[in-house]
């Protein structure tokens, strides 16, 4: 599942995943935390690719809410900058791992790995 307030970024991630083959599929998209929480119950994703900076509720705040609904969920946080501060905030929020927006090509392999193969 992709959660990003930018339709262009969601499209880019969807294309990257589709181009990687059939092993990983995008099961849903949301433009923010509220729509992600509404959608997650119906689609039950293994992995959520979550934008760090979104209006109203950012990725660091959204992650614990998503995990409360799906405790085994793996969350990949995408941020323009990933430094020690971002990693520490992500760890406190229960986020599995972080990628920079320059590393989006790694999403299919990482999602496969996090989902158990």
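Rule-based calculations on the coordinates, nothing more; no lab input. As the structure is a prediction and not an experimental result, all values here were calculated from the model. Every residue, glycine among them, receives a Cβ derived from its backbone with ideal geometry; neighbour counts consider all protein chains shown.
Here are some notes:
- Residues residue 85 and residue 113, FRET efficiency given R0 of 41 Å [Cβ-Cβ distance, rounded to 0.05]: 0.95
- When the alpha carbon gyration tensor of segment 26-113 is reduced to an equivalent ellipsoid, its three semi-axes come out at 18, 15, 12 angstrom, largest first.
- 222 nm mean residue ellipticity, helices alone, for the chain (DSSP H n ≥ 4; -39,500 (n - 2.57); rounded to 500): -13500 deg cm²/dmol
- For the chain, the relative contact order comes to 26 percent (Cα pairs under 8 Å, sequence separation of at least 6).
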